[in-house]
Structures are given as C-alpha cells and as structure tokens.
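Input: a single structure, listed below in structure tokens.
The values are calculated or read from the model by the stated rules, or taken from the named source; none is laboratory data. Only a predicted model underlies this, so the values are computations on that prediction, with no experimental measurement involved. For neighbour counting, all protein chains shown are included, and Cβ atoms are generated from backbone atoms with ideal geometry for every residue, glycine included. Note: areas computed on protein heavy atoms with side chains; ligands, DNA, RNA excluded. Shrake-Rupley method; radii C 1.70, N 1.55, O 1.52, S 1.80 Å.
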Amino acid sequence: MSENAAAETLNLTRKGMETREKLLRAAEKVFGKKGYYETSVVNITQEAGVGQGTFYNYFQSKKEIFDALIQMYSRELRFKIKEEMKDAENHENAQRKGFQAFFRWVKDHPELYSIVQQAVVVDKDLYRWYYDKLASGFLKSLSLGVEDGEFKDINLETVAYCLMSIGQFLGMRWVFWEGQDVPEEVFDAAMTLIFNGIKKP
C-alpha cells in the first residue's frame, strides 16, 4: 500500500471503515470463488450490497482491492500469531502457539490459500512480499531463541522457510482440503520433527 493510500485509510470515518471492510470481505468471497481474472468490480459490489460508485470511493481498481486484501491477510495473520506467542513460557512453546494460531486463522479464512496463490500470476512481487513478511516474523522469533541458547545457531532463513512450508502444507491438507482442525497427532509429529532439528541438546 502506498503512503498516500495508507493515510487515506487512516482518515476514514468509522462508517467509511465499515464500508471499506465490507468491500474487502466481499472481494475475499468473490476472488476465492471466481478467481481474479473472472471477477469484476460489479461482482464485488453486488456481493457487498453497495453501489458501484461506492467502490471507487475506496479503491481505484480491481487490482487495488486485490492488493489491499493480500495486505490485510498479512497484517491480520501476523498480528494474531504475535499475540498468541507473546505470553509463551519459552521459545519452543512460542513456536507451537504460533503454528496453532495460524491453523485457527486459516480455518476462519478459508479463501486464504486460493487468493494468495492467485497472486503468483496476478502480481509476483506482491506474492513474494506476502511470504517475505511471514519469513521476517519467523526470523525474529528464531533469532531470539538462538540468543537465549534454546535453538541451534544454524542458517535461520532456511529454517524460517522450512517452518513456513510445514505450516502451509499441514494447513492445506487438513484445514483447507478437509475443513477440520489439524489432528493432534499430526501437530505433535510436526513439532517433534521441528524441535528435534532446531533445539540444542
């Protein structure tokens, strides 16, 4: 989001924020169902129950609302994970809480997978930005674990992307495809694999 767009968002009234949120949630449903290229602004406004002119009070184009949706996903997801991790008793527990927060968030946002994957062809830079932001969060938390002597001092960017992959595909396998929580034994197996690899003896 540009600095001007961010400033405009901050300056919206409460009613304006609610309308913008309504448009984003409508876009989430329509992009998830129809895909980016088959979706029109009219589809989004019909889903939101607002006039087409209202759309252009908040977004200049279909691409702009798509960008805003990806940015919203990133912001909300990272905030949720951070909130869940902050009261953890140690770094291993923090990582476990972070994974659990991710799986719960995905369950509440079933269109996440299809919409983020659409960004590969819609805007590769946006797609990379989304995962770079997630990786940065992992790097920060892993670095703290290394500093406190709980995790091994190995290439943390590699570890971060491996952990992201584990979360991504377990969420896809169970939450997205099956519409259920990640089974406890599956979660435990993944955590065993992770922490047998990165924890110091």
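Residue 163 is checked against (1) free of Cβ contacts under 8 Å to residues at least 24 places away in the same chain; (2) over 30 Å from residue 34 (Cβ atoms) and fails just one. What number does that condition carry?
(1)
Scan 39, 54 and give me the residue that is open to solvent by 40 Å² or more (accessible area, probe 1.4 Å) and more than 30 Å from residue 198 (Cα to Cα).
None of the others qualify; the one that does is 54.
Would you mention how many residues in region 59-84 are within 12 Å of the chain's Cα centre (by Cα) and in contact (Cβ under 8 Å) with a residue 60 or more places away in the chain?
Number satisfying all stated conditions: 3.
Take the residues in region 9-25 that are of a type outside the set (D, E, K, R) and within 10 Å of residue 69 (Cβ to Cβ); name whichever of them is surrounded by the most Cβ atoms within 10 Å (Cβ to Cβ).
Top of the filtered list is 23.
Taking residue 117 as meeting all but one of (1) of a type outside the set (Val, Ile, Thr); (2) without any contact (Cβ under 8 Å) to a residue 24 or more places away in the chain; (3) within 30 Å of residue 89 (Cβ to Cβ), write down the number of the exception.
(3)
Taking region 150-165, which residues are closer than 24 Å to residue 117 by Cα and open to solvent by 40 Å² or more (accessible area, probe 1.4 Å)?
Hits for region 150-165 are 157, 158, 161, 162, 165.
What residue, among those in region 89-148 that are among the acidic types (Asp, Glu) and assigned to a helix (DSSP H, G or I), is least open to solvent (accessible area, probe 1.4 Å)?
92
Report, by residue number, each residue of region 171-185 that is acidic (Asp, Glu) and either part of a loop (DSSP other than H, G, I, E, B) or surrounded by 11 or more Cβ atoms within 10 Å (Cβ to Cβ) (or both).
Passing the criteria: 178, 181.
Please go through region 57-88 and give me each residue that is in a loop (DSSP other than H, G, I, E, B) and of a type in the set (A, V, I, L, M, F, W, C), ordered by number.
59, 88
Yes or no, residue by residue, for (1) under 19 Å from residue 136 (Cβ atoms); (2) at pLDDT 95 or above:
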| residue | (1), (2) |
| --- | --- |
| 37 | no, yes |
| 43 | no, yes |
| 70 | yes, yes |
| 89 | no, yes |
| 98 | yes, yes |
| 102 | yes, yes |
| 111 | no, no |
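Quick one: is residue 166 under 22 Å from residue 91 (Cβ atoms) and assigned to a helix (DSSP H, G or I)?
Judged against the criteria, residue 166 is a match.
Under 6 Å between Cβ atoms, which residue pairs at least 6 apart in sequence (or on different chains) link something in region 85-105 that is of a type in the set (Gly, Ala, Ser) with a partner that is assigned to a helix (DSSP H, G or I)?
88/94; 88/97; 94/85; 98/81; 98/85; 101/80; 101/81; 101/84
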